[in-house]
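See below for the structure under consideration.
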Amino acid sequence: MEEYEDLFLAETQEYLQNITQCLLALEKDLDDEHLEAMFRAAHSLKGMAGTMGYELITDLTHEMETLLDKLRRGEIALETECVNLFLEAVDLIQLLVDNLHRQDDFRPQVSALSKKLLAWQRVAGGEKTPGTFSPQQEMEGAEKEPNGRERDIAWQKMLSAFEKETLKEALLKGEETYQVYIRLRQGSLLKSVRAYMVLKALEKEGEIVKAWPSLQALEEESFDREFFLLLVGMPRVGALKETLEGIVEIEKVEISPVKLDEDSPASVESVDGAGLEKESPGTLPGKGLSPPGHVVEKTVRVETAKLDSLVNLVGELVINRTRVLELGKMARDTALENALEQMEMITTELQNAVMTLRMVPVRQVFDRFPRMVRDLSLEKNKKVELIISGKETELDRTIVNQMGDPLVHLLRNAIDHGLEEEEERIKKGKEPLNTIYLRAQHEGSHVVITVEDDGRGIDPEAIKQKALVKKMISVREAEEMGPAEVLQLIFQSGLSTSREVTDISGRGVGMSVVKTEIEALNGTVEVESRPGWGSRFILRFPLTLAIIRTLMVQCGQEVYAIPVEAIQENLFVEPKEIRTIRQERVISLREEVLPFYFLQELFGSGSSPVQEYYPVVVVRAGNKKAGLAVDALLGQQEVVIKSLSRFVNELRGIAGATVLGDGRVTLILDIAGLLEDRRLNLGKKSVDH
Amino acid sequence: MGKKVLITDDTAFMRMTLRNVLEKNGYEVVAEAEDGFQAVEKYQELKPDLVTMDITMPNMDGITAIKKIMAEDPQAKIVVVSAMGQKALVIEALNSGAKDFIVKPFQPDRIVEALQKVGG
């Protein structure tokens, strides 16, 4: 079974997510579709867990399912308390799933929660539920089992006058009476349906006059695994036996003729009576089926490793294509060039198609948030509405997978620091309900994600004071900084403006980590705020990580690729413009003073030759900037990132490598890493001047 | 090659479980369907000897699929693989033409037994 575990885990996550979403939707607005979807999810979970032998998950999901069934049939109304209970169950299942091999530790919790769910089920109609789940319950009500060969039932004593009459009439027609004994296999499930199959088979061959246990008991599954039927008619006994034995889980079939005494006082007047017991289980109404027309993505599950390998191979293909194209141009053969042109088009399309395989909607991450925000707002007792838009916006899978943490942090921050109490809001003339917007949208080759709240905003003065106290800035710097600049300080470690440290946020490391995480994904983050009216965090991510646009620069013998994302501008700098302050070279760019480096020196390949002017690339990562002098700018090119071996990856300042059309290997610079590097001493934003 | 089987279940997990059990027991799983629509489609296309059918599925449930398949081919041999507690639905499935049913979670030998009993 272990081989299925991954699949089980993956699907379980989806279902749990699904249930949570439905619950939150239901809490707002009770509709059948969500109930139905939730029921299906719980149901599927149960099936999977059962097959895997995860007994506790099976138990719990069974109780959920039963309760959901009652909800969707309108027997109980969904109350917040009930939603909470379901959420609790989802959490517990998550816990069980996370600890698949230590399930027993959670047995007490599961049983407590199961009881609660059961209690809710009983709310329905105020009746005891027909718990058909535990075999013990099934035993109750079953009458004493006959032993060994004493299976012949004293039918005579059990027949009603009317039944006797029916029999008598049948016998007069020359029909015969048979006792059919059925034994199901140990542990059979849905025994009532097995019994139903038997009844159906018998009805083709005759009339069922009597059953023991009663037909009703058979239908209600209040029998162990044996039952007897009295059949009258002219059955083809052999064929009947064969049919019955052909039913799954029927262990034993015996058909034997029965001789009944015919001394019964026939009461003729009852012939026009209502007829036989009408408890054919076949008349049960069908339960509500899933509504048709429900949109579901048609997808194939593929291992991500396979996908990555495909993307990688296409990357190789594209690189080689460039090379072939260059060779083709050199050959000056029109036919060849035409063919190559065609190939270029197709490979470009292939590349685009493959790239979309890596794309997944941000929904995967966003869907976690309504639940989280709900719980936090309850905990903080601040009323908040989370409005999500652009869930279907697609982004590189890696980015989507990893942007969860920073977003969680931003949302928590918003709830913890941003949101206001109702009174405070009313006083300010705002809507009483706090609103947090989470949006995703395309913007050129980027996806922009904004986390915005309409709470109290960030007070630049408070940040400034804090930064001063923590000696992150000098008094003079503080005086010179504009509000926008001050805001950027929140991304530096050691700054937290929360008055108290809560378990949600405010440990003073948060925002700098958020920034680092976002930048590790080639993304950027900015903050805007209107004190008193809210703040907005703007995250920008490239659509894909596999291919990036770079600026190729020549540096001595080497060509380096600088991601365009990290470039602010290019300029030419004359040697006289380079100044030295505290043994550091700097240049002035408009109002700013930027650290200045020769790229060649950074990578230890000697000093650059003195030139009339140096081409300089102004790079930035977060709020750090620097000017990098190179020998020549070679132009922009899209490159496919190939990661270096693990050992080389340790190199700070190198994000990866790429192979150029002519076969040369080029290093791609990691500007954020480069600017973080202590060697460069860029930790401070500015030097004193 | 053994009998050709079409597996229908909306969970990839259950499909994989079924496939493994059946293939170990000499059946040839010719296709997997994730919902009733696919099951009907695949049935028409591949004419399998046997079909396993989940009941609760999105798009088209198992019962509708059974009805459609039976209308197409009254000889179709369909075994319902249902979860616990779906009594009424299982009965409806049987009335719609399914030959037999087993209940998830199942012992591997049960599904094999069911298929043997139904399809030989």
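Overview of results
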item: Cα coordinate range in segment A:547-590, projected on the principal axes (Å, largest first); result: 39, 27, 19
item: List A:341, A:165, ordered by accessible area with a 1.4 Å probe, largest first; result: A:341, A:165
item: Shielding by partners, peptide A:61-67 (average Cβ within 10 angstrom, other chains); result: 1
item: For B:109-116, mean number of other protein chain Cβ atoms within 10 Å; result: 2
item: Residue A:212 - accessible surface, heavy atoms, 1.4 Å probe, Å² rounded to 10; result: 40
item: For residue A:256, solvent-accessible area (1.4 Å; no DNA, RNA or ligand), Å²; result: 40
item: Solvent-accessible area, 1.4 Å probe, carbon plus sulfur percent, for segment A:375-542; result: 49
item: Taking the convex hull of Cα positions in segment A:356-461, its mean projected area over all directions (nm²); result: 7.6
item: Largest-first ordering by accessible area, 1.4 Å probe, given options B:8, A:516; result: A:516, B:8
item: Accessible area of segment A:2-128 divided out per residue, in Å², using a probe of 1.4 angstrom; result: 43
item: Order of exposure, largest accessible area first, which applies to A:430, B:47 with probe 1.4 Å; result: B:47, A:430
item: Links that overshoot a 30 Å alpha carbon limit, given the list A:164/A:204; A:380/A:624; A:380/A:464; A:115/A:200; A:200/B:68; A:380/A:470; result: A:380/A:624; A:115/A:200
item: Reciprocal mean inverse distance between Cα atoms of segment A:305-358 - Kirkwood radius, Å; result: 11.8
item: Cα pair distances exceeding 23 angstrom across segment A:1-119, given as percent; result: 24
item: Radius of gyration, Dmax [segment A:155-265; alpha carbons; angstrom]; result: 13.8, 43
item: Accessible area (Å², per residue) of segment B:31-90, counting only protein heavy atoms and a probe of 1.4 Å; result: 32
item: Per-residue SASA entry for residue A:543, accessible area with 1.4 Å probe, Å² rounded to 10; result: 40
item: For chain B, convex hull volume per residue from C-alpha positions, Å³; result: 84
item: Chain pair B, A: total accessible area buried, heavy atoms, 1.4 Å probe, Å²; result: 4100
item: Test item: B:47-59 mean partner chain Cβ contacts at 10 Å; result: 3
item: Relative contact order for segment A:305-358, counting Cα pairs under 8 Å that sit 6 or more residues apart, in percent; result: 55
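The values are calculated or read from the model by the stated rules, or taken from the named source; none is laboratory data. As the structure is a prediction and not an experimental result, all values here were calculated from the model. Every residue, glycine among them, receives a Cβ derived from its backbone with ideal geometry; neighbour counts consider all protein chains shown. With ligands, DNA and RNA removed, areas are computed over all heavy atoms of the protein, side chains included. Shrake-Rupley method; radii C 1.70, N 1.55, O 1.52, S 1.80 Å.
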